[in-house]
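Participant: Dropping the structure in here first, questions after.
The values are calculated or read from the model by the stated rules, or taken from the named source; none is laboratory data. Note that the structure is predicted; figures quoted are calculated from it, not measured. With ideal geometry, Cβ positions are generated from the backbone for all residues, glycine too; neighbour counts draw on all protein chains shown.
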Amino acid sequence: MTEIAHGTVIVQSGEAVLPRWWRTVDRVTIFCVLALFAIGILLGLAASTPLAQRNGLDPFHYMIRQLAFGGMALTAMILVSMIAPVTIRRLGVIGFFGAMLALAMLPAFGTDFGQGATRWYSLGFASVQPAEFLKPVFVIFTAWMIAASQEVAGPPGKSVSLFATCVIVGFLVTQPDFGQGALIIFAWSVIYFVAGAPMLMLFAVMGIVAVGGAIAYSNSEHVARRIDGFLSAEIDPTTQIGYATDAIRNGGLFGAGLGEGTVRWTLPDAHTDFIIAVAAEEYGVMLVFVIIALFATITIRAFLRLIRERDPFIRLAGTGLASLLALQAFINLGVAARLLPAKGMTLPFVSYGGSSLIATGIAVGMLLAFTRSRPQGEIGDILLSRHAGRGR
């Protein structure tokens with residue numbers, strides 16, 4: 001079999017798809033994702049049983065659904081990671097407009113499930129939250145637009161992506177869903193910054209966000225109540241934050257033991273937004289550190305691979321996806337530890353939730369596809385070749 005050396009990768013002509021994928025994909029990241037999902041199943045067994053009993057369901061009802069959603073998420077992750085970046089870009093742009101349409105139609109056809117925010121489409125047997133699927137394809141669309149704007153006679157991609165960001169945030173605020181809106185703004189800012197945005201522009205965006213936050217605080221009782229609760233010196237022990245704080249404190253370093261926690265019986269969102277409180281109470285802060293280490297490993301490995309990438313679109317899209325995953329995990333952990341105001345946001349791969357799991361699986365699949373080793377050469381190779389050309 002002929003081997004062709006190109007850049008830093010050895011390309012074997014005629015190699016089958018699966019062996020080539022396994023040789024070029026970041027296997028450590030795949031292991032970290034599987035570990036997070038396994039931890040989520042372990043915690044879900046404890047956290048979801050009380051909820052199932054309160055709802056008159058089989059004790060393992062939510063775990064069976066979580067396994068089904070997780071199977072779909074991991075399958076999607078593997079399949080997407082095998083796709084070429086150019087195909088992901090095309091499918092991502094199409095998916096972006098589809099997700100935008102679904103988000104826009106929520107006021108007419110969506111439901112709030114009694115939670116006061118119209119964020120879901122009810123399918124009877126399950127529900128779909130368009131905002132979860134919008135996030136990864138928004139990153140693809142934004143990276144494509146900004147990368148294209150850097151080409152000679154390219155489109156005004158930065159302006160187009162900023163306009164799309166404002167429209168999406170407007171839709172999300174009307175639900176209301178300020179947390180997902182903040183993630184969208186953050187993703188756009190990261191991609192724009194990596195592409196070489198002027199600092200003045202980023203400061204302007206930060207100023208607009210601050211003004212928007214002040215307006216939301218003044219006009220939304222829901223937002224004001226959460227921020228006031230966060231700033232208060234005392235914690236109401238009957239609130240979700242109060243229960244979570246007590247659970248983390250009671251767990252200590254090594255936890256109370258499997259099945260010995262009590263927060264799962266009192267905290268309504270113990271299996272979703274506050275799953276980390278269950279982890280801290282039953283297994284201690286050590287398990288929390290493990291979870292943080294897994295997310296940090298995924299993010300850092302992605303950045304280390306992307307920093308050598310020469311394709312602007314891949315570099316921007318990969319950085320946006322990795323940053324989005326890290327920020328969502330940080331927000332979930334920060335809320336449970338009372339480092340941030342309360343905000344309903346799942347912990348990727350760990351919390352219960354079909355839309356979140358599957359959308360995150362797709363996002364990490366894209367990230368794995370962008371960070372695969374490819375026969376293209378790296379930025380260092382290109383710079384050296386250009387320098388050598390000037391020397392001649």
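Participant: Of the residues in the stretch 165-196, how many are buried (at least 17 other Cβ atoms within 10 Å of the Cβ) and either small (G, A, S) or not in a helix (DSSP H, G or I) (or both)?
Facilitator: 9
Participant: Take A73 and tell me if it is farther than 23 Å from A256 by Cβ, of a type in the set (A, V, I, L, M, F, W, C) and in a helix (DSSP H, G or I). Lay out the reasoning, then the answer.
Facilitator: Details: farther than 23 Å from A256 by Cβ: yes; of a type in the set (A, V, I, L, M, F, W, C): yes; in a helix (DSSP H, G or I): yes.
So A73 fits the description; yes.
Participant: Please state which of the following conditions A147 fails to meet, knowing it meets all the rest: (1) surrounded by fewer than 19 Cβ atoms within 10 Å (Cβ to Cβ); (2) among the small types (G, A, S); (3) part of a helix (DSSP H, G or I).
Facilitator: (1)
Participant: Across the stretch 263-317, what is the total count of residues that are over 16 Å from the mean Cα position of the chain (by Cα) and part of a loop (DSSP other than H, G, I, E, B)?
Facilitator: Result for the stretch 263-317: 12.
Participant: Continuing with this model, one more query. Search the stretch 227-257 for residues being loosely packed, with under 13 Cβ neighbours inside 10 Å, of a type in the set (A, V, I, L, M) and under 28 Å from the mean Cα position of the chain (by Cα), and hand back the single one that is modelled with the highest pLDDT. Steps first, please.
Facilitator: Of the stretch 227-257, the ones loosely packed, with under 13 Cβ neighbours inside 10 Å are 228, 231-234, 236-238, 249, 253-254, 257.
From what's left, of a type in the set (A, V, I, L, M): 231, 233, 253.
Filter once more, keeping what is under 28 Å from the mean Cα position of the chain (by Cα): 231, 253.
On the way: L231: 68, L253: 85.
It comes out as L253.
Listed here are the residues, each with its yes/no results for (1) without any contact (Cβ under 8 Å) to a residue 24 or more places away in the chain; (2) of a type outside the set (D, E); (3) more than 17 Å from I314 (Cα to Cα).
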site	(1), (2), (3)
V80	no, yes, no
G95	no, yes, yes
L101	yes, yes, yes
A104	no, yes, yes
A108	yes, yes, yes
D112	yes, no, yes
F133	no, yes, yes
V152	yes, yes, yes
G157	yes, yes, no
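Participant: Output the number of the condition that V223 fails; it satisfies all remaining conditions of (1) surrounded by 21 or more Cβ atoms within 10 Å (Cβ to Cβ); (2) under 15 Å from P341 (Cβ atoms).
Facilitator: (1)
Participant: Separate question: Could you count how many residues in the stretch 181-195 are aliphatic (A, V, I, L, M) and more than 16 Å from V167 (Cβ to Cβ)?
Facilitator: To start, the set of residues in the stretch 181-195 that are aliphatic (A, V, I, L, M) comprises 182-185, 187, 190-191, 194-195.
Remaining after also requiring more than 16 Å from V167 (Cβ to Cβ): 190-191, 194-195.
Adding up the residues that qualify gives 4.
Participant: Can you pull out every residue in the stretch 111-134 that is touching a helix residue (DSSP H, G or I) at 6+ places or on another chain (Cβ under 6 Å) and under 17 Å from G98 (Cβ atoms)?
Facilitator: V128, Q129, P130, A131, E132, F133, L134
Participant: Can you tell me which of (1) surrounded by fewer than 23 Cβ atoms within 10 Å (Cβ to Cβ); (2) within 15 Å of L42 (Cα to Cα); (3) touching a residue at least 40 places away in the same chain (Cβ under 8 Å) is the one G261 doesn't meet?
Facilitator: Result: G261 fails condition (1) only.
Participant: Spot the failing condition for M72; the list is (1) without any contact (Cβ under 8 Å) to a residue 60 or more places away in the chain; (2) in contact with a Gly (Cβ under 9 Å, 6 or more places away or on another chain), and only one is missed.
Facilitator: Single failed check for M72: (1).
Participant: Can you tell me which residue within the stretch 92-119, out of those that are outside any helix (DSSP H, G or I) and among the aliphatic types (A, V, I, L, M), is farthest from T165 (Cα to Cα)? Even if it seems obvious, please write down each step before you answer.
Facilitator: Of the stretch 92-119, the ones outside any helix (DSSP H, G or I) are 105, 110-119.
Among the residues that remain, those that are also among the aliphatic types (A, V, I, L, M) are: 105, 117.
On the way: M105: 17, A117: 20 Å.
Checked the stretch 92-119; the qualifying residue farthest from T165 (Cα to Cα) is A117.
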